[in-house]
């Protein structure tokens with residue numbers, strides 16, 4: 001995708017000369033935060049407001065990149081801007097009904113052997129990140145539980161479509177509190193999102209990262225999130241999920257002097273061992289189809305070899 005203009009804002013952008021790549025690239029660069037310089041290039045975000053006579057003020061977040069590229073199995077022979085992956089994942093989430101930012105404009109070009117890209121999205125005015133909301137003591141417990149349940153359902157929907165977010169945290173979840181305890185949630189930062197073929201690996205990676213990088217939540221709220229996410233699973237699979245999340249968190253916990261959070265669901269800790277035997281090695285769950293097939297073939301071959309030896313010795 002070389003260029004995209006939202007039909008909802010095409011007339012607005014044209015009236016203000018922002019329907020071309022150059023129009024966005026030449027905007028004054030007052031960075032929202034320090035630009036990211038790496039990969040022999042840079043990437044930054046600015047906020048731009050259009051004062052329009054018909055629609056009033058319209059604010060956008062504009063991401064600009066130059067030589068901030070990546071390679072993937074699909075694009076092994078050429079570099080692609082990371083913003084292209086962000087844009088395509090936004091469109092993908094829109095297609096499956098996951099609430100995210102609304103894209104306004106995307107374009108890329110190559111100039112002087114440098115790959116440049118622009119992505120503009122509608123500003124989320126009135127939204128707050130999840131960390132700031134949970135740090136606010138005035139937010140009631142029912143609202144906090146509603147946010148956790150909405151987030152769990154949204155993450156489940158992402159995983160149901162075999163997608164892994166890979167950088168889920170409280171600062172990437174934007175929430176707008178409305179009247180009558182209603183809320184609107186948006187998921188941000190999709191540059192690292194990719195396809196995944198193991199549901200368990202996907203769930204463990206995304207949930208344990210969210211727990212580790214969202215310190216505003218209490219251990220009880222961590223458990224509530226995982227419990228609501230896994231409410232459709234059998235007790236065996238719920239217990240397996242909680243055990244692997246705890247193992248990942250303990251192995252990656254870097255805060256000295258602070259005990260890592262632990263997930264304790266209502267199921268017995270012995271549920272898995274009682275029904276399925278002891279917990280297999282972790283690699284078995286990371287790529288279950290591959291290793292299940294390999295182990296099954298190995299077991300079948302071993303049994304066949306043993307029976308052949310017994311029959312030979314009997315002769």
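The values are calculated or read from the model by the stated rules, or taken from the named source; none is laboratory data. Bear in mind that the values here come from a model prediction, so they are computed numbers and not experimental data. Reconstructed Cβ throughout: ideal geometry from the backbone, glycine too, with neighbour counts over all protein chains shown.
Here are the numbers for this structure:
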| item | result |
| --- | --- |
| Members of region 102-126 found to be surrounded by fewer than 18 Cβ atoms within 10 Å (Cβ to Cβ), part of a loop (DSSP other than H, G, I, E, B) and touching a residue at least 12 places away in the same chain (Cβ under 8 Å), listed by number | 102, 125, 126 |
| Conditions (1) touching a strand residue (DSSP E or B) at 6+ places or on another chain (Cβ under 7 Å); (2) over 16 Å from residue 89 (Cβ atoms): number failed by residue 166 | (2) |
| Residue match in region 83-101 (condition: within 30 Å of residue 157 (Cα to Cα), more than 19 Å from the chain's Cα centre (by Cα) and crowded, with 20+ Cβ neighbours inside 10 Å) | no |
| Any chance residue 154 is touching a strand residue (DSSP E or B) at 6+ places or on another chain (Cβ under 6 Å), under 24 Å from residue 232 (Cβ atoms) and at pLDDT 90 or above | no |
| Residue match in region 69-79 (condition: under 24 Å from residue 163 (Cα atoms), in contact with a strand residue (DSSP E or B) (Cβ under 7 Å, 6 or more places away or on another chain) and buried (at least 22 other Cβ atoms within 10 Å of the Cβ)) | no |
| Any chance residue 183 is in contact with a strand residue (DSSP E or B) (Cβ under 9 Å, 6 or more places away or on another chain) and surrounded by fewer than 16 Cβ atoms within 10 Å (Cβ to Cβ) | yes |
